[in-house]
1. Looking at this structure, is residue B:202 buried (at least 21 other Cβ atoms within 10 Å of the Cβ) and out of contact with any strand residue (DSSP E or B) (no Cβ under 9 Å at 6 or more places or on another chain)?
2. Mind checking which residues of the range B:129-144 are under 26 Å from the mean Cα position of the chain (by Cα) and at the interface with another protein chain (Cβ under 8 Å from one of its Cβ atoms)?
3. Looking at B:104, B:114, which is the one that is surrounded by fewer than 24 Cβ atoms within 10 Å (Cβ to Cβ), over 24 Å from the mean Cα position of the chain (by Cα) and more than 8 Å from every other protein chain (Cβ to nearest Cβ)?
4. So, residue A:278, is that one at pLDDT below 95, surrounded by fewer than 12 Cβ atoms within 10 Å (Cβ to Cβ) and touching a helix residue (DSSP H, G or I) at 6+ places or on another chain (Cβ under 8 Å) or not?
5. Condition check: in contact with a helix residue (DSSP H, G or I) (Cβ under 7 Å, 6 or more places away or on another chain) and within 7 Å of chain A (Cβ to nearest Cβ). Does residue B:72 satisfy that?
6. Taking strands (runs of 3 or more DSSP E) that do not extend beyond the range B:80-168, which have at least 2 residues that are more than 30 Å from residue B:234 (Cβ to Cβ)?
């Protein structure tokens, strides 16, 4: 018997979704941060996404309930931000055992509500079901001008690679308190300069490889340019930073940096560039030496 | 400590969602089969819903995987049908332990895909996460002409109460193989005669009470008119029949029955009528005697 543990998350999703068909109103299905569909008769597209958070996997049961709620909905808002879209509707499925403290559930909901309100999203539905541990499944939609959603597949050789903030913070608890980069995502889409974008949920190295694969390109990362909280190792491989990772043609890179500073009063970080070498991810040391980055992808179900 | 088990599903949802705010584009939030939102610039509304199915609660692990997939997406399509809407997009979150048989997961996906294809819905996304048991969380959207979604709140005194098929079948396994009443829901909405509609997922008695409460009315059910597979008791209290329950003004009742027969080649069942007695649900025996129906609502988390 082949188990999910043998196959791993990414390959399992690839096999399961390979059978799915298309639709004339579907712009982008599985494989990006959100699906993108046309809204007939309008100049707007809808983005749709869903993320689970499971006790013992994505958070510990001792965690503050508001932070659990923040993370559950923050992951979805981050996916919407990664398309350059504006969040709109949210539905929340809760699974919990009968002995679940109801007051804590109320505080989880407060966390969800607070983050939604901050970014203009509205909780409009959901369900509550019995199960062995606490889980939140958040479904979210957003809107984006027709054909303008930023995909993983748009990176071009010569593009500069950027991230919106320091990486490797998730072990210090940021994976629960993070603020999804909604305003930043919309700003970046509105510049018209961004070729590819996604959010970092599985670590810089793993997530950049998604962009490389889907764009048919390679990349060089400059180790001393990567903004880190802890070690370079953590910045490359920790998941759940929820910063945006994006590429911009070289000629707009400096203009983007100055516009970004004007708008947000802080830096955006240029960490490398896109090459034509399909799937090759290299690290460039300060002495100019290049070496390949081992395929140490973050995999759910591994172990 | 107050637990979820003490409070029960319906009261817990009521308390948790009471804090949620409105939105000018939101027609109907929590409390109906789907949320209903306007799509600005069009003559169309979108309906959105989500349903969980959890191993050991909604299905047994020994169950055929295609049937699990059928049930997971069927519940969502049934919610969409209950609004008189046309299904459109589907996203599926799967939770499973690492030892989950991957082939079975493929067959679950086949079941999902088969039912979606039959009713014109398209699976466009989802996620896969590790957890203690197998669960499927299906999110679905649909479309309906603006302002025409059929709600639970529209029943009026004098309306006749109908169901689309025999009740009490869920123990015989129908809760896994059922066909959501999508075509029937659209047909009923298009007649323009239906005042209130929902699907029967928690049993006729429990679900009819939702219509009574939200419409501010009461009802009399004629025991000998309720189409049953087993006992009347099962028809009243078994959950997961997934037939549609709806009300129609008396003057259209016979016309509806004949149009229904023409369209579907089978009967639709008139089982009682709506009264002005807020919240009162009475059973009328063949001898004409009336008695109140005990509040034996189906509650998840009970026990």
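1. Values: buried (at least 21 other Cβ atoms within 10 Å of the Cβ): yes; out of contact with any strand residue (DSSP E or B) (no Cβ under 9 Å at 6 or more places or on another chain): yes.
Yes; evaluated as a whole, the condition is true for this residue.
2. If the condition is that a residue be under 26 Å from the mean Cα position of the chain (by Cα) and at the interface with another protein chain (Cβ under 8 Å from one of its Cβ atoms), then B:133, B:135, B:137, B:139, B:141 are the ones that fit.
3. Exactly one residue qualifies, and that residue is B:104.
4. Yes: the conditions hold for residue A:278.
5. no
6. Per the criteria, B:86-96, B:122-130, B:135-145.
For (1) farther than 22 Å from residue B:26 by Cβ; (2) under 18 Å from the mean Cα position of the chain (by Cα); (3) not assigned by TED's automatic domain parsing to the domain that holds residue A:206, each residue gets a yes or a no:
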{"site": "A:11", "(1), (2), (3)": "yes, no, yes"}
{"site": "A:27", "(1), (2), (3)": "yes, no, yes"}
{"site": "A:31", "(1), (2), (3)": "yes, yes, yes"}
{"site": "A:54", "(1), (2), (3)": "yes, yes, yes"}
{"site": "A:65", "(1), (2), (3)": "yes, no, yes"}
{"site": "A:70", "(1), (2), (3)": "yes, yes, yes"}
{"site": "A:80", "(1), (2), (3)": "no, yes, yes"}
{"site": "A:86", "(1), (2), (3)": "no, yes, yes"}
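Yes/no per residue for (1) within 7 Å of chain B (Cβ to nearest Cβ); (2) modelled with pLDDT under 95; (3) within 29 Å of residue B:37 (Cβ to Cβ):
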site	(1), (2), (3)
A:3	yes, yes, no
A:8	no, yes, no
A:31	no, yes, yes
A:38	no, no, yes
A:42	yes, no, yes
A:50	yes, no, yes
A:54	yes, yes, yes
A:66	no, yes, yes
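The values are calculated or read from the model by the stated rules, or taken from the named source; none is laboratory data. From a predicted model like this one, the values you see are computed outputs, not experimental measurements. Virtual Cβ from ideal backbone geometry, glycine too; neighbours counted across all protein chains shown.
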